[in-house]
Amino acid sequence: MAPVTGTTATAVDTGGHTLTAAELAAVRADFPLLERTVRDGRPLVYLDTAATSQKPQCVLDAEQDFYERRNAAVHRGAHALAEEATEAYEAARAAVADLVGVDAGEIVWTKNATEGINLVAYAISNATLGRGGAAAERLRLRAGDEIVVTEAEHHANLVPWQELCARTGATLRWLGLTDDGRIDLDTLPVINERTRVVAFTHASNVTGAISPVGPIVAAARAVGALVVLDACQSVPHLPVDLRALDVDFAAFSGHKMLGPTGVGTLYGRRELLEAMPPVLTGGSMVEVVTMAETTYMPPPQRFEAGTQMVAQTIGLHAAVGYLAELGLDGVAAHEAELGERMLAGIAEIPDVRVLGPADGADRLATVAFAVEGVHPHDVGQFLDDAGIAVRVGHHCAQPLHRRLGVASSARASAGIYTTPDDVDAFLATLARVRPFFVEGRA
Amino acid sequence: MSSTSSGAMEQLYQQLILDHARERHGYGLRDAADPSRVGESFQVNPTCGDEVRLRVELSPDSGAVSDLSWEGIGCSISQASTSVLSDLVIGAQVSDVVATSDRFSELMQSRGAGLGEEAEDALGDAAAFAGVSKYPARVKCALLGWMALRDALIKVSKGE
């Protein structure tokens, strides 16, 4: 049996502490893309990790190695390659499960987090239509039922619930936000005895605010509602134990956590996955098929119809191995320092406002900001000219921006490979934005 | 630290663009003298949420644009482009407006190559946006107001 890749990463062991300059240099050396230049030879300053992370060499190697030596369809066929590919595919599932503290059988592969959340919404929809038999009873929505989200949500954790409500007649309600973008716990009474699902983000992709999971889950539990957590921004940057958080479902994406695009994860509590009717149907998820009807595999295979993204799961396994070797407490410590540096630096620049919590407590190094009198596109263009990549726009969170009184924003977000020099270069260029656009050419 | 790499920002953000972004000619929707000769369009750039609402009024013989006004939010490129558009279009023959709009679209699709001196001269102040064509992600910003104008002209011709 060939060794399963994903355990071969040689990442720096942070020991839970922030990185020394030498360790950070060693980390950066693992990310080939960071060596390139942009816009007439400027060194790249990549501050768009919240959109997608860069990938370490071990992830690229793992995917290539799979195609070079072990490529085969999984969970079908009995030849040697099929066995190896299936084993690697399932080992990746186990590694992801281990990272977030759940069982491998509770991890469903998806294309991305968006698909994971939609999978839950459509399974509830199908249950409401009567699919899934008696087991799916607890998932069925009835007249008067409510689904609760928050104003902080990425569209991926809002629109699927709007659509579910439109299909079933349930009512969508939401928790409000404080002026600095945190979920306002004074609005928790929105969760009431009619609430059947509470879906919220673990950490905002705009403000970086980490949600108060405990009180929200407690409110949901008190009324028997299911809890769906959008963990896209938390799993790559913090130690996350989904069992300890006591959520029923959680979705996250491989490409934001140093892994490839095209693979994501849906965690579902085992008894709930078992109760859920399938969503996508076809090959690989069936037991007995006759011309008239079909019986389905148990989870997670029940939710993995058709040929899967095997190479990507193996790449993600390598990414998980890399993150685990670094230690996510160390990743969090490093990024917390960068976040503090960003916030302190922005506070020094006149007429730049942080959209979100102004201090470093309970937040990621993801900082959205507005430059007074300068549109975010222009801010982003000016930064880009200096080789600094930030995100501009509404970041798939229009209601959140509306709540904060802006149409769009610019956002800088750090990752494990981000350096203090990256942050300083960003701050120095940001300070020149308003003078360029508003105060006339220097 | 140099102010920008190779002056690319100064090339993109010509002084004329920054001035128009601040002044915004034609800004503020005006009521029409004759509502039957008015066309209005609302356009949004879904990637950034920028939006423009633009209103045109044709002359009694429908041959010329007698008035144009607009409102919107957006980046300096979209705001300046719509402001310049106002200057170029008010009082112009509709056929000339369509030709200018086509030429401007062509300039935006030129990927930095431009259209040559003669064609750009014919665009007047709108030629200042030539640098935008080097940045594919910003072309939609420069075209937002022009898209609204074309849509508004179609609507008025259909009597909508």
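Values quoted throughout were computed directly from the atomic coordinates according to the rules given, and no laboratory measurement underlies them. Given the structure is predicted, the values throughout are model-derived calculations rather than measurements. Positions of Cβ are backbone-derived with ideal geometry, glycine not excepted, and every protein chain shown enters the neighbour counts.
Worth pointing out:
- Among A:T313, B:T100, the ranking by other beta carbons within 10 Å of each residue's beta carbon, starting with the fewest, stands as B:T100, A:T313.
- For B:K155, the lysines whose Cα falls under 22 Å of its own Cα, not counting residues fewer than eight places away in the same chain, are B:K140.
- When only Cα pairs below 8 angstrom with a gap of at least 6 residues are kept, the stretch A:208-273 shows a relative contact order of 26 percent.
- Amide hydrogen proximity for A:S53: with H placed 1.01 Å from N in the peptide plane, the residues at 5 or more positions away or on another chain lying under 5 Å are A:K256, A:M257, A:L258.
- Positive dipole terminus of the protein assembly as shown, leading residue within B:A152, A:G224, B:T47 (C-beta point charges): A:G224
- Simple Cβ-charge dipole of the protein assembly as shown, Lys/Arg +1 and Asp/Glu -1, about Cα centre, in debye nearest 20: 1080 debye
- Karplus-derived HN-Hα couplings along the stretch A:162-169 (A = 6.51, B = -1.76, C = 1.60, θ = phi - 60°), whole Hz, x at Gly and Pro: 4, 5, 4, 4, 5, 6, 10, x
- Chain A, relative contact order [Cα under 8 Å, separation at least 6], %: 24 percent
- Gain upon complete extension [B:D31, B:E106; 0.36 nm per residue less C-alpha separation]: 23.8 nm
- Highest GNM mean-square fluctuation among A:N192, A:N157, A:N205, for chain A modelled with Cα contacts below 10 Å: A:N192.
- Rounded to the nearest 500, the helix-only mean residue ellipticity at 222 nm of chain A stands at -10500 deg cm²/dmol, with each DSSP H run of n ≥ 4 adding -39,500 (n - 2.57).
- Considering only B:G124, B:G145, B:G116, the Gaussian network model of chain B with Cα springs below 10 Å gives its largest mean-square fluctuation to B:G116.
- Among the GluC sites (Glu not before Pro) in the stretch A:245-311, those located in a DSSP loop and surrounded by at most 10 other Cβ atoms within 10 Å of their own Cβ are A:E293.
- Here the spin labels are modelled as points 7 Å beyond Cα on the Cα-Cβ line, and at B:E117 and B:S95 they lie 2.9 nm apart.
- Chain B, helix-only ellipticity at 222 nm - DSSP H runs n ≥ 4, -39,500 (n - 2.57), divided by all residues, nearest 500: -14000 deg cm²/dmol
- Database remark: amide H of B:D50 closer than 5 angstrom to the amide H of B:N45 (H placed geometrically; neighbours at sequence offset of 5 or more, or on other chains; Pro and chain starts carry no H).
- Overall form of chain A per C-alpha gyration tensor (a/c, 1.5; a/b vs b/c): oblate
- Rounded if a/c under 1.5, otherwise prolate or oblate - the stretch A:180-294, Cα gyration tensor axes: oblate
- Taking A:V279, A:V197, A:V38 as the candidate residues, the one with maximal mean-square fluctuation in a Gaussian network model of chain A, Cα springs under 10 Å, is A:V38.
- Selection from B:V132, A:H75, A:M297 lying farthest towards where the dipole of the protein assembly as shown points positive, charges on Cβ: A:M297
- With contacts taken as Cα pairs under 8 Å at a separation of at least 6 residues, the stretch A:150-282 carries a relative contact order of 17 percent.
- Point-to-point label distance, A:E372-A:D424, nm (Cα→Cβ direction, 7 Å offset): 2.8 nm
- Between A:A347 and B:D87, the simple label model (points 7 Å from Cα in the Cβ direction) yields a spacing of 4.4 nm.
- Rounded, prolate or oblate (a/c below 1.5 giving rounded, otherwise prolate when a/b exceeds b/c) for the stretch A:233-325 by Cα gyration tensor: oblate
- Residues in the stretch A:386-398 carry Karplus couplings, in order, of 8, x, 9, 9, 10, 8, 10, x, 9, 6, 6, 8, 5 Hz; the curve used is 6.51 cos²θ - 1.76 cosθ + 1.60 with θ = phi - 60°, and Gly or Pro positions show x.
- A simple charge model with +1 on the Cβ of Lys and Arg, -1 on the Cβ of Asp and Glu and nothing else charged puts the dipole of the stretch B:18-149 at about 560 debye relative to its Cα centre.
- Hz values of 3J(HN,Hα) by residue in the stretch B:126-139 - Karplus curve (6.51, -1.76, 1.60), Gly and Pro given as x: 5, 5, 5, 8, 3, x, 4, 5, 6, 10, x, 5, 9, 4
- Annotation for the stretch A:322-354: GluC sites (Glu not before Pro) lying in DSSP loop with at most 15 further Cβ atoms inside 10 Å of their Cβ are A:E348.
- Listed by chain and number, the lysines whose C-alpha is less than 20 Å from the C-alpha of A:K256, apart from same-chain residues fewer than 8 away, are A:K55, A:K111.
- Built amide H within the under 5 Å cut-off of A:R363, gap 5+: A:I210
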